[in-house]
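Accompanying notes for the structure given below.
Where a number appears in this text, it was derived from the coordinates with a stated rule and is not lab data. Keep in mind that what you see is a predicted model, and the values were worked out from it rather than measured. Glycine gets a Cβ as well: all are built from the backbone with ideal geometry, and neighbour counts include every protein chain shown.
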């Protein structure tokens, strides 16, 4: 393989993980080709929480500039009782977050983040994005990888140093690389919709620009502002079944209404306002499968470790994966296989902690009876500074901590 080919990275998928990876590799002098199976990148999805561990990376890559006009910097995460709307506690954000974690906590629409990433990609001369291109096969050999790609009615081969699978929870590359294990329905449904910030239904539950989480044994609901504060993202989580084969769809909101029985009128009004909710089945990927293969293949983001959203870290973990993988490959040119192995071990440790936090949140937010009363009492008594300190391991993380680098490098 010639010198140019040996510095080429091939990425499957132009979502958050793939676009961030392209920018991270380009920043280290690699040329990048991104192949996206969709013929066009449509605006879809809903709100995202970008905690400081993610925005720190996006800032380094120049992406935050493209979010300045639309992202919202909330002042706090507020936990509330869904039955009464009473505030139980709050974790300060805003200036306090930037001072403590040296990066902002932002909430954005997914489409706005993708647009900012695409703007940054367009400015990079070493990144080429090809739409309507599906990765069909990969051969790993001593010189790197050869990837077969369907583009229109033709099949072409592209060679590179390695292939990065960033093709989401239903990743085709998990199968192409010989790994068993499809994504699995978690028997949880995310109910999503967006309403105007000046809608009375929004002002009734959101007195400010906070991230509000309403806790209840049968469900929990998170609400926060997006689109420069002009809209409110709503997402509720309930147990569910029968939706494991589709990205999203309409489902009977009576299911959500049943889960919300006994809650504050301001919340149940959200079900009865006539506006559709989109139901998203939550899928996860087993942590038992490998994320890398000798010779130059790595899975990142949901393709590797799709998880439940209860820690609000899905996008952040994809962004961390992308940055640390690029750093690893850039520093492991002489022994790529060993570098990838170290990267996977370190990322597994980090992802495992985030999964555990999500499981803890779900248990805590859905508690009932005596457990809920103890939870509420503890939350009310815990100092806000201690609540912030509890998140240092997550929000204060820096890329160098992921696979053995000096965090200051």
**Fill in**
With region 345-395 reduced to its Cα atoms and the Debye formula applied, log10 I(q)/I(0) at q = 0.20, 0.26 1/Å amounts to -0.83, -1.05
**Prompt:** Given springs between every Cα pair under 10 Å in a Gaussian network model of the chain, which of 254, 111, 213 has the largest fluctuation?
**Reply:** 254
**Fill in**
Gyration tensor (Cα only) of region 127-221 to equivalent ellipsoid, semi-axes in Å sorted down, yields 44, 18, 12
**Message:** Using only the alpha-carbon atoms, how far is helix 110-123 inclined from the longest principal axis of the chain? Give it as 0 to 90 degrees, nearest 10.
**Reply:** 30
**Fill in**
Expressed in µm² per second, the diffusion coefficient of region 71-204 from the Stokes-Einstein equation, with Rh the Kirkwood radius over alpha carbon pairs, at 25 °C and 0.890 mPa s, is 122
**Request:** Determine, from the Cβ-Cβ distance of residue 143 and residue 258 and an R0 of 56 Å, the FRET efficiency 1/(1 + (r/R0)^6), rounded to the nearest 0.05.
**Result:** 0.45
**Asked** So how far apart, in nm, are the two label points at residue 131 and residue 335 if each is 7 Å from Cα heading toward Cβ?
**Response** 4.4
**Request:** Compute the distance in nm between two label points, each set 7 Å from the Cα along the Cα-to-Cβ direction, one at residue 38 and one at residue 150.
**Result:** 1.8
**Message:** Using the basic label-point model (7 angstrom from Cα toward the beta carbon), what is the residue 96 to residue 294 distance in nanometres?
**Reply:** 5.2
**Request:** Taking the convex hull of the Cα atoms, report for region 184-284 its projected area averaged over all directions, in nm².
**Result:** 6.4
**Asked** Of the beta bridges DSSP finds with both residues in the chain, what % are antiparallel, to the nearest 5?
**Response** 70
**Item:** Relative exposure of 187, 220, judged by other C-beta atoms within 10 Å (fewest first)
**Value:** 187, 220
**Message:** Please report Rg (one decimal) and Dmax (integer) in Å for the Cα set of region 86-158.
**Reply:** 21.2, 62
**Message:** If I stretch the segment between residue 84 and residue 386 completely, what's the gain in nm (0.36 nm per residue apart, minus their alpha carbon distance), one decimal?
**Reply:** 106.2 nm
